[in-house]
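Chemist: Below is a structure I'd like to ask you about.
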């Protein structure tokens with residue numbers, strides 16, 4: 001009987017240890033107050049030399065009830081939300097052509113800056129385009145006219161610049177780099193306006209050929225050593241643009257996914273590729289979700305919804321609540337920010353501080369409203385904001401002056417880096433709340449238990465605040481027009 005009791009005790013103990021190993025984040029949460037020691041602080045600030053610079057290590061002390069006059073940022077790791085996937089940018093023809101014009105040392109500097117997780121900001125996402133887009137030097141597709149069976153399909157065009165750059169990015173970042181793809185337009189002969197530009201719609205008789213086109217592209221890129229994690233159905237499906245574009249109403253996109261694209265991916269062994277709908281602005285995203293996600297035959301093929309930030313550029317009123325509404329209504333679907341950039345391009349304003357702050361505001365709010373991943377537009381453009389075949393020039397976090405062969409880092413690069421450098425795939429967002437509206441904040445807990453707290457001060461005034469975690473706090477100083485990342489160890 002004693003032996004039986006002993007074996008039972010050992011079995012319970014082993015089971016408890018196993019459970020402890022399976023949930024390191026939970027264990028870290030429960031013990032956090034007793035083992036918290038320091039906040040390691042990295043800051044980027046206007047009118048200083050601080051650029052993701054280690055500025056301080058601040059010690060936590062006991063802190064009970066905060067005073068009404070204190071400014072505080074509260075972090076609660078017992079409340080967890082969505083799982084973080086990654087952050088990155090688009091490798092377009094424009095980025096790749098500009099990259100090819102750089103001296104070898106500057107090419108390596110760019111790769112390190114974006115994709116090296118230790119020396120750079122650790123991008124883990126790449127978006128690229130199927131056929132040409134506005135940030136191509138010309139319009140093109142991968143097949144000859146009227147080739148319904150896609151017998152002439154080839155990606156020779158992309159092998160000159162774009163594919164080599166993506167391959168170099170993968171070599172720098174390693175296996176963690178995730179690529180997804182988006183079309184701007186089908187070939188002209190598949191559309192009712194016989195034009196890759198200026199909107200138009202896909203003709204019904206080409207629905208199946210166009211669905212097959214995605215498969216051919218994915219398999220062609222994967223044969224070049226570029227694994228394709230996912231795809232969007234159509235870039236900006238409600239925009240008639242001067243450049244490559246194609247219109248899909250909500251019902252048309254739903255039916256194309258349900259009857260053609262979804263089944264075609266499945267038939268060709270690509271069912272596990274993440275299919276993303278909408279890929280347009282926040283303004284109409286709820287309507288698109290309502291029409292597609294409420295149809296179970298369409299929704300079963302869909303991983304989530306992509307969105308952009310151009311809904312109200314002039315007024316600066318981002319519609320973050322729409323992101324929240326979609327997340328609340330369909331929590332089983334993922335949200336991914338698929339494109340954003342600053343424009344118009346002005347060379348003399350590359351270092352305008354508002355460019356970076358726009359990224360910080362968007363990223364904090366998008367993550368706080370349920371977004372799992374965030375993708376910038378072009379990773380690199382030249383000194384004109386291009387190349388771009390319709391002169392739709394814009395800003396990028398890094399520009400190359402191809403006349404001098406030098407890279408120009410804007411503050412946008414550093415604002416993005418405050419997220420991408422420190423957040424690890426698999427992190428869980430945790431609760432973070434500021435007691436004053438002049439501070440913006442979000443927070444995550446990485447898979448290893450390290451807490452990452454990001455605080456942005458977009459005001460022109462220095463702000464002192466208590467960073468409070470449970471019953472301990474530490475005093476932090478937020479410089480005017482700054483963003484800081486705190487690693488809690």
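Please treat every number below as a calculation from the coordinates, not as lab data. Values in this document were obtained by computation on a predicted structure and should not be read as measured data. Cβ placement follows ideal geometry from the backbone for every residue including glycine, while neighbour counts extend to all protein chains displayed.
Chemist: Specify the angular offset, from 0 to 90 degrees and rounded to the nearest 10, of the alpha carbon long axis of helix 411-420 from the longest principal axis of the alpha carbons in the chain.
Modeler: Taking the Cα atoms of the chain, the angle to 411-420 is about 60 degrees.
Chemist: OK, next. Once label points are set 7 Å from the Cα along Cα→Cβ at both residue 249 and residue 404, what is their separation, rounded to one decimal in nm?
Modeler: Simple spin-label model gives 5.3 nm for this pair.
Chemist: Quick one: helix 24-35 against the long Cα principal axis of the chain, what's the angle to the nearest 10°, folded into 0 to 90?
Modeler: 40 degrees
Chemist: If you don't mind, there's one more thing I want to ask. Go ahead and estimate [θ] at 222 nm for the chain from helices alone: -39,500 (n - 2.57) per DSSP H run with n ≥ 4, summed, over the residue count, rounded to 500.
Modeler: -9000 deg cm²/dmol
Chemist: So what is the relative contact order for the range 85-422, in percent, with contacts set as C-alpha pairs under 8 Å and at least six apart? Walk me through the numbers before you get to the answer.
Modeler: Numbers: 699 pairs, mean separation 69.1, N = 338.
Reported as a whole number, the value is 20 percent.
Chemist: What is the order of 404, 209, 185, fewest Cβ neighbours within 10 Å to most? Write out the running numbers ahead of the final one.
Modeler: Numbers: 404 11, 209 19, 185 28.
The order, fewest Cβ neighbours first, is 404, 209, 185.
Chemist: So how far apart, in nm, are the two label points at residue 118 and residue 390 if each is 7 Å from Cα heading toward Cβ?
Modeler: Result: 4.4 nm between the two label points.
Chemist: Okay, next question. Rounded to the nearest 5, what is the percent of antiparallel bridges among the DSSP beta bridges in the chain?
Modeler: 55 percent
Chemist: Additional query: I need 305, 285 ordered by Cβ neighbour count within 10 Å, fewest first.
Modeler: 285, 305
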